[in-house]
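A.B. asks: Dropping a structure here in structure tokens format, bear with me for questions.
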Amino acid sequence: MTESPVIEKRQTDVNNNLSSVEGAKQIEENFKDLLDKIRYKEMWSNQHFEVFNYEAGTGKSRITQLLLGLYTQKRDDSVLYVQKFSRDGELQSTVDRINEYAKCEVAAYLDSQDNKGSKKRRREKLKSQILVITHRMYEQVCYSEHEDIISGRQILIIDEFPDILDRIKVEMSDIQWLWSNSHKFINSELIEMLARELRDQLHRFEKDPYYIQNVPYYSHEVSNGNMVDDLEDFLSTYKKSEDASIVERILFVLKNGCFYNNQAFHTFNDNVAYKMLDNNIILDANGGLDARYNLSSLFQVKEQPKKYNYSNSSLIHYDVKTSKESLSNYVNFYYQVLEKEPIDLKQRTLFITDKNNFDDLRESLIGHLSAISPLKDPEMLIDKVVSIDYFGNIIGVNTYQMFDKVVILKTPNFDYIDYVLQSHFFDDNEQHDDSISMFNDERVEPIRLTMIAGEFYQALKRINRDNQLPAQYVLFTDNSQAVDMIESELPGINRYDYAFKPKTNQKETESGRQRNWRNCIRDYLLQCKKEGRTQVTKKELRDNLGLQDNSNLSKYLKDLQYFMSQHGIEPEHHHIVFRQ
């Protein structure tokens, strides 16, 4: 089929400019789908985002900025470009690159200081053909704030997944505030009744051991419409006060329904929604991995072929728990790691953990360097031979691109309720008439696993960005499914799996064991009472829980004395009695 003269002219405009750029042919081949999406208006859509999962390290951000610079030389469509961070002058750097490619000043950035500062200066920036902002500011736009940022623009390009989910949490302290301040509302009796009902439901969930490993959905039946009206009137009167914040969160629970987890109700803010323009693009190396893209009709993933072959590199997996709780029980964990993966002074190695463990890891690395380096001050090797970074800070960082080894020492888990809310927020077909079994639910598990795998992938790809070096990608984690996903993102990689059992702090382990016994006894007694039983023998309790020593049972029951008094449970000679 012959292209129309209009399409042919548009393609020629961009291609003529691109042809003057070094590597133009390769750019055209590798980024053809993105080029087409930008230059052909017939391919635009204001109904969804098209997600391009160009491989990490292929330069998708810089190529996009190049294309925008060239594009503005022949077209007058205006663009909103959204990037993850503003740190270290990154907004200005993006603007400078685009202007350099355009050979004139077509781009400007807008940050939080511009929203607070001179209105005239802000208006001038808004006139720019290409406006660069952060994810945080785009999120504000999605709240219908600063709408002049998108007004009159045609193309929206977002670098990395735009997570606009606003988590809402209502705890017992919020409900207690509502009860004690019910006199501030017009219908005080209704508000007091609401507080009582929410309190009682929270108590029911807390007392039932079933909800330790299950996340129930809860929709509060509003018996009187005046109740919601009264809460909304309070909001309009007190606006942005701390009290209004509590009332607003309770309103979200009433309107949206919620999930119970860990002594609180959880839901999301439904006043936020993705804002789209005539042409909407997301650049995300995790696009083919992240399960959230598959949940909503808002996203259509345009799969891109892998550019690199990793047959000269290794993926090394140590099967070991590296959750926050597990790490706290290990003895000198980082020294044990360095016995497995010692520092080679001829290599450049990046170690990645979480923010809380950053200082401990640094101290361990300096100690290790003292033993292997001839330097009097081995700390001089930090950031030269060895660097340390942490999850939450690592995405988008390109300063480690010439490193040839990365060691990840922490599994980037979020609270499970966060994965549940992601499912609830993004899934067009989500149903909530049953409980979610933690780590087993077919709706939530793909989100959890792919989000962890995505964090791993982004961290691993901070090194050896252009795949020119034989590299070692080392993971310490027990999440083998996430490792499998990583392997599929690194074609040809040589994978090696090892078991690793670090030494543990015996005292802490024993303390944890005692905590587990107390929890098991508590849950078993609650279950017996829920079943309507009047008593249970201590022998039955020991046999069912596998607790051999009767003296230990007596000690644990003594520790649980307050809990039992609160639930009408009373130990007698050979029995435990349940009072009504």
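The values are calculated or read from the model by the stated rules, or taken from the named source; none is laboratory data. Since this is a predicted model, take the numbers as computed values, not measurements. So basically every Cβ, Gly included, is an ideal-geometry build from the backbone, and we count neighbours across all protein chains shown. Side chains are part of the model used for accessible areas, which takes the heavy atoms of the whole protein and leaves out ligands, DNA and RNA. Shrake-Rupley method; radii C 1.70, N 1.55, O 1.52, S 1.80 Å.
A.B. asks: Suppose we filter segment 451-469 for residues that are open to solvent by 20 Å² or more (accessible area, probe 1.4 Å) and basic (Lys, Arg); how many remain?
C.D. replies: Residues in segment 451-469 being open to solvent by 20 Å² or more (accessible area, probe 1.4 Å) and basic (Lys, Arg): 1 in total.
A.B. asks: Looking at (1) among the acidic types (Asp, Glu); (2) open to solvent by 40 Å² or more (accessible area, probe 1.4 Å); (3) at pLDDT below 95, can you tell me which one Asp208 breaks?
C.D. replies: Exception for Asp208: condition (2).
A.B. asks: Could you go through segment 470-480 and let me know if any residue there is open to solvent by 10 Å² or more (accessible area, probe 1.4 Å), in a loop (DSSP other than H, G, I, E, B) and out of contact with any strand residue (DSSP E or B) (no Cβ under 9 Å at 6 or more places or on another chain).
C.D. replies: Among the residues of segment 470-480, at least one is open to solvent by 10 Å² or more (accessible area, probe 1.4 Å), in a loop (DSSP other than H, G, I, E, B) and out of contact with any strand residue (DSSP E or B) (no Cβ under 9 Å at 6 or more places or on another chain), which makes the answer yes.
A.B. asks: Identify the residue in segment 123-141 that is of a type in the set (Ser, Thr, Tyr) and under 29 Å from the mean Cα position of the chain (by Cα) and, among all such residues, is least open to solvent (accessible area, probe 1.4 Å).
C.D. replies: So the residue we want is Tyr138.
A.B. asks: Has segment 315-338 got any residue that is in a helix (DSSP H, G or I), within 22 Å of the chain's Cα centre (by Cα), modelled with pLDDT under 95 and surrounded by 17 or more Cβ atoms within 10 Å (Cβ to Cβ)?
C.D. replies: yes
A.B. asks: Next up: Checking the structure you have, find out if any residue of segment 385-398 is open to solvent by 50 Å² or more (accessible area, probe 1.4 Å) and without any contact (Cβ under 8 Å) to a residue 24 or more places away in the chain.
C.D. replies: Scanning segment 385-398 turns up no residue that is open to solvent by 50 Å² or more (accessible area, probe 1.4 Å) and without any contact (Cβ under 8 Å) to a residue 24 or more places away in the chain.
A.B. asks: OK, next. Within segment 155-180, can you find the residues that are under 24 Å from Met227 (Cα atoms), outside any helix (DSSP H, G or I) and open to solvent by less than 20 Å² (accessible area, probe 1.4 Å)?
C.D. replies: Once the filter is applied, which keeps residues that are under 24 Å from Met227 (Cα atoms), outside any helix (DSSP H, G or I) and open to solvent by less than 20 Å² (accessible area, probe 1.4 Å), segment 155-180 yields Ile168, Val170.
A.B. asks: Which ones in segment 78-122 are open to solvent by 10 Å² or more (accessible area, probe 1.4 Å) and under 13 Å from Ile38 (Cα atoms)?
C.D. replies: The answer is Ser78, and nothing else.
A.B. asks: Please list, ordered by first then second residue, the pairs with beta carbon atoms under 9 Å, 6 or more apart or interchain, first in segment 67-95 and under 17 Å from Pro162 (Cα atoms), second small (Gly, Ala, Ser) and assigned to a loop (DSSP other than H, G, I, E, B).
C.D. replies: Final answer for the pair search is Gln83/Gly396; Lys84/Gly396; Phe85/Gly396.
A.B. asks: Identify, by number, the condition in (1) touching a His at 6+ places or on another chain (Cβ under 9 Å); (2) of a type in the set (A, V, I, L, M, F, W, C); (3) loosely packed, with under 14 Cβ neighbours inside 10 Å that Leu421 doesn't meet.
C.D. replies: Tallying (1) touching a His at 6+ places or on another chain (Cβ under 9 Å); (2) of a type in the set (A, V, I, L, M, F, W, C); (3) loosely packed, with under 14 Cβ neighbours inside 10 Å, Leu421 fails exactly one: (3).
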